[in-house]
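Reading through the structure tokens given below for one structure.
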Amino acid sequence: MPGRPGPAGPLPRLVVSADFERVLGLRSRAATAHFAVHHLAAQPSPRAMALNRPPPAKLSTIEGPASPLPVEDLSDAALSPLRSWVGAIVPKRHARRAVTRSLIKRQIYAATERHRDRLAPGLWIVRLRSPFDQARFASAASPALRRCARGELDALLAAAVALPSP
């Protein structure tokens, strides 16, 4: 089913501002009328990987075999370096209402899920770079806005993954 997370779960999200700054320091990889996508073939900061680490399979206070590693250590086996991380930027100046910003962010994350198999490993950021016409989309979360954003995001990501890596 399109838009559903794959067997490995949804793509991890970028949450650390330093990662956003690193990626946004590069030129956009592709752009459409309303969106731009940036890509950096690198891993996120260690703090971001710790925040996105899956929880342990079982939480218990029952006695069991002790691990030789401290709790804070990140296992390389648990974190795959060859994966894509996604971030979305929807500024208030381009989408004044929170419901519109939320709709656009959901569309961004859904589009990256649809294209996850073709995304190169690294950090991906999709940003809204210009507002949608309020006269054309009167409702802040209209189905028409949803369809328009979805189509444009699919075209954006298709163009971005078709380009050779820098």
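The values are calculated or read from the model by the stated rules, or taken from the named source; none is laboratory data. Predicted, not measured: the structure shown is a model, and the values here were computed from it. We place every Cβ from the backbone using ideal geometry, glycine too, and count neighbours over all the protein chains shown.
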Review point. Could you give every pair whose Cβ atoms fall below 9 Å, whose first residue belongs to the stretch 105-128 and is among the small types (Gly, Ala, Ser), and whose second residue is assigned to a strand (DSSP E or B) and buried (at least 18 other Cβ atoms within 10 Å of the Cβ), counting only separations of at least 6 or pairs across chains?
Key: 111/126; 120/39; 120/84; 122/39; 122/40; 122/84; 122/85
Review point. What tally of residues in the stretch 17-44 results from selecting those that are in contact (Cβ under 8 Å) with a residue 24 or more places away in the chain and among the acidic types (Asp, Glu)?
Key: 1
Review point. Which of the residues that make up the stretch 95-137 are in contact with a helix residue (DSSP H, G or I) (Cβ under 9 Å, 6 or more places away or on another chain) and of a type in the set (S, T, N, Q)?
Key: 100, 107, 112
Review point. Within the stretch 89-100, can you find the residues that are without any contact (Cβ under 8 Å) to a residue 40 or more places away in the chain and under 25 Å from residue 45 (Cβ atoms)?
Key: 90, 91
Check your understanding: Based on what the data block shows, is residue 36 modelled with pLDDT of 90 or more, not acidic (Asp, Glu) and not in a strand (DSSP E or B)?
Key -> no
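On the basis of being closer than 30 Å to residue 46 by Cβ, under 19 Å from the mean Cα position of the chain (by Cα) and aliphatic (A, V, I, L, M), does residue 103 make the cut? Please lay out each step first, then the result.
Values: closer than 30 Å to residue 46 by Cβ: no; under 19 Å from the mean Cα position of the chain (by Cα): yes; aliphatic (A, V, I, L, M): yes.
The answer is no for residue 103.
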